[in-house]
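Worksheet: one structure, shown below.
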Amino acid sequence: MQTFPLDSREITIGRDASNDIVLGGVGVSRVHARVICAPPAPSIADCGSTFGIRVDQRPVARADLVNGSRVTIGVTDFRVRLAGGNLHFERMGDRPAESGAGRSAVGGRSMRIGRDDGNDIALSHPLVSRFHCTVNGTQSGSCAIVDHGSTNGTFINGRAVHRAALADGDIVQVGPYRFIFDAGELVQADDYSRVRLEAFNVSVRRGRERVLDNVSLSIPPGEFVAILGPSGAGKTTLAEALTGRIRADEGEVYYNGFPLQRFLAAFSASIGYVSQHNLLRPELTVWETFWEQTVLRLPRDSLDAERIGRIDTVLALLEIGHLRHRRISRLSGGEAKRVHVGIELLSSPTVLFLDEPLAGLDPGLVQKFMELFRGLCDRGHTLLLTTHTLEQIELCGRLFLVSRGRVVFAGTPDQARETLGVGSLGEMYEKVRTESTGAPRQEGSAENDEPHHTRAAGMLAERAPAYRPRSARALRQLVMLARRYARVLLRDYRNMILILSQAPLIALLLGLVFKAGSGFLPISFYFCITISAIWMGGVNSIRELAREWHLFEREYRVGLSAGAYVCAKIAVLVVLSLIQAGLFALFLRGVFDAFSLNADMLFLIAMGCVSGSLLGLLVSALSGNVNRAISWLPIVFIPQIFLSGILIPFDRMPAAGKLLSHLTLSRPVFSMFKKVFLLEQDLWGLGEWRALLLLCTGLIILTYTRVRWHYLFSRGEH
């Protein structure tokens, strides 16, 4: 405790040794705050600090202090006492050691932290690697922490580190576990599975429109929260701001007192998000779906037995164990939604955001889901549920009614009826539509009251550098994704029949154009083979990326390798192209007597199909959806005809057309067909190979770059 007389003096608090109260650790600026000890009511003012100050859990620029006020500087809490003409600052027992958590002295030894029981600090959680990190101490008292390539990273003060020195007050985060380094000891917090969410004056703009307008609220740990409101009211935006998926333009969100934007990388692995989009592949079974997700979400050093155990736990929790071998396409709507939720539960997130999970379910299923969600909250998870459905809403501990970007009510379902003056919760929507939205109506504890002070301008917390988990190695992901893609193709037998029927149908069609059984095949015949091969490849791949963007975003967020994803697509498309090339050549040989069925012909047709697949994959990557990709298909492939050299020789083309022709696949492929089968030149001695190889390499690089940056562009982080 530090005591100062109330004699109008000014005292300062901060990291610099010249301050009257010197604090270390995260969140403390050099000169953080100034206290005016004026009788009888002292006050505190922020000095432009990065983290700001909080009085009674509310961010303030300036506030009066009364007896019992709680002042937060960085992550240190003080209790203010006014007695005997003095101002007393008493450090509160907010340090984890004083709340019953363990202290581990480092000393001059090495202390291992991880999931394995052989570690000095064993942390049993799906987000913790087997041997996650080590704290190395020296006899002089200095300490450093080393991350051992863990999947979900080791964080100091919200930033991922590989190796870093530790200073008093530093906050170390391993999975969902938090430690404070204090005088050579690691002090473990006891709140790893319980997170308090707080928002202060949060606003989000889209263009000139305020989607969220000055929202302040508090959500206790383990709460089941329903966010209600008419369509377009801002429900999903509010939930996304609370979970860090979008950044607030004004105001701040806190997790257990830590500004989310600064500590987002450390907390992100503990935040689950269940989208309203269907992100399940219908061709896969429930077990295959869960197994793939454990490869991406669980630490890369997890044993198969641990992965199986985690899947069994989630299946039992969701009561869908009997469906493990059933394909997603054969599940009911409610069963598919349980699988969707289960994917996020594999990593046991502390906070789970469910975006419209009850849409389209009958009342019986709604009741089962609400009871399931209530049970998850009883296990310590915090659930944020956006919904239009009011059945079984009484199971929620708290409601937030949103209208026109503002929270117009916060409280329990019973308080909603009383405060809004409605007989049933169903009348709330009509009440909101007919009333103008003023200040939020809130019931319950005082902590839900809107702050009386706003943060000073320019004091929005700095966003932490992005961090993605180090999921399974790229080679393992490549094998897994290639198997998935192959299963999807083979099990969608109707589409597979259409794909494989292209080659014989085109061969038969050529038999109607060129005389079947002809002993001479003109140059136009080889041009048709070139365009047909490129077209077949392009049609095969044109939808592959455009239809999976939402799925890719979810998996990329948890560690999917963009390179492995693209290479898996290419690998399967190459195999498919080889099969199509063989079928095409066989049917052409059956139709035309003069057709040369040899290695050169097979190879050239296969290269046409493969290069066409790469072009189609790039078009798919550049398209936001399947319809747009298909619309681009003729625009991209028609130039393959015009600029191939069949309509007019290159030396008679305009300069622009001649230059553009070098970017087409048809030019080198068609040229090789002419030189090999009409001029009888050696295939492997042709210079067109270099041009085709460069084009294919460029297509792969562009596709990878577009996929790699898609997630960042979609989240506005570029």
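The values are calculated or read from the model by the stated rules, or taken from the named source; none is laboratory data. If you're wondering where the values come from, they're calculated on a predicted model, not measured in any experiment. Methodologically, a virtual Cβ is constructed for each residue, glycine included, from the backbone with ideal geometry; neighbour enumeration extends over all protein chains shown. These accessible areas exclude ligands, DNA and RNA; they are computed on the full protein's heavy atoms, side chains included. Shrake-Rupley method; radii C 1.70, N 1.55, O 1.52, S 1.80 Å.
A simple charge model with +1 on the Cβ of Lys and Arg, -1 on the Cβ of Asp and Glu and nothing else charged puts the dipole of the chain at about 2080 debye relative to its Cα centre. Reducing region 56-81 and region 112-147 to their Cα centroids gives an inter-centroid distance of 34 Å. For a straight C-alpha distance cut-off of 30 angstrom, the lysines reachable from residue 337 (same-chain residues fewer than eight places away being disregarded) are 235, 368, 569. Calculated [222 nm] ellipticity per residue, helices only, for the chain: -12500 deg cm²/dmol; basis is -39500 (n - 2.57) per DSSP H run with n ≥ 4, divided by all residues, nearest 500. Overall shape of region 209-333 was characterised from the C-alpha gyration tensor. The equivalent ellipsoid obtained from it has semi-axes of 33, 20, 13 Å, in decreasing order. Based on the alpha-carbon gyration tensor of region 292-373 and its eigenvalue square roots a ≥ b ≥ c, which shape applies: rounded if a/c is under 1.5, prolate if not and a/b is larger than b/c, or oblate? Cα axes put region 292-373 in the prolate bin.
Placing dummy labels 7 Å off each Cα toward the beta-carbon, the span from residue 67 to residue 490 is 7.9 nm. Heavy-atom accessible surface of residue 661, to the nearest 10 Å², is about 0 Å², with a 1.4 Å probe and all protein chains retained. Take every Cα pair under 8 Å whose residues are at least 6 apart in sequence, average their separation, divide by the length of region 604-718, and the relative contact order is 31 percent.
A simple rule links phi to the HN-Hα coupling: the Karplus curve 6.51 cos²θ - 1.76 cosθ + 1.60 with θ = phi - 60°, which for region 553-558 gives 4, 4, 6, 5, 4, 9 Hz, with x for Gly and Pro.
Projecting the Cα atoms of 118, 246, 668 onto the dipole axis of the chain, where Lys and Arg carry +1 and Asp and Glu carry -1 at the beta carbon, places 668 farthest toward the positive end. Specify whether the C-alpha gyration tensor of the chain places it in the rounded, prolate or oblate class, a ≥ b ≥ c being the square roots of the eigenvalues: rounded for a/c under 1.5, otherwise prolate if a/b is larger than b/c and oblate if not. Cα axes put the chain in the prolate bin.
Residue by residue, region 111-123 carries 3J(HN,Hα) couplings of 10, 8, 10, x, 7, 5, 5, x, 6, 5, 10, 8, 10 Hz when phi is fed to the Karplus relation 6.51 cos²θ - 1.76 cosθ + 1.60 (θ = phi - 60°); x denotes Gly or Pro. Post the alpha-carbon centroid distance, region 607-635 to region 542-562, in whole angstrom. When both Cα centres are located, 16 Å separates them. Ordered from highest to lowest accessible area with the whole protein assembly present and a 1.4 Å probe, 419, 151 read as 419, 151. Relative to the Cα centre, the charge distribution of region 82-241, modelled as +1 at Lys and Arg Cβ and -1 at Asp and Glu Cβ, gives a dipole magnitude of about 520 debye. Just name one of 87, 409, 698: the one whose Cα is farthest towards the positive end of the charge dipole of the chain (beta-carbon charges, Lys/Arg +1, Asp/Glu -1). Value: 698. Based on C-alpha pairs under 8 angstrom that are at least 6 apart in sequence, the chain has a relative contact order of 10 percent. Here region 364-409 yields Rg over Rh of 1.00, to two decimals, using C-alpha coordinates and the Kirkwood radius.
Residue farthest toward the positive end of the dipole of the chain, with Cβ of Lys/Arg at +1 and Asp/Glu at -1: which of 137, 39, 631? The Cα lying farthest towards the positive end belongs to 631.
Once every Cα of region 177-237 carries one equal point scatterer and solvent is ignored, give the base-10 log of I(q)/I(0) from the Debye formula at q = 0.14, 0.18, 0.23 Å⁻¹, two decimals. The calculated log intensity ratios at q = 0.14, 0.18, 0.23 Å⁻¹ are -0.62, -0.80, -1.01. In whole Å, how far is the Cα centre of region 240-297 from that of region 36-51? About 38 Å separates the Cα centre of region 240-297 from the one of region 36-51. Would region 523-655 count as rounded, prolate or oblate if I go by the C-alpha gyration tensor, calling it rounded below 1.5 in a/c and otherwise prolate when a/b exceeds b/c, oblate otherwise? Verdict is oblate for region 523-655. Of the beta bridges in region 289-431, as assigned by DSSP with both residues counted there, near 50 percent are antiparallel.
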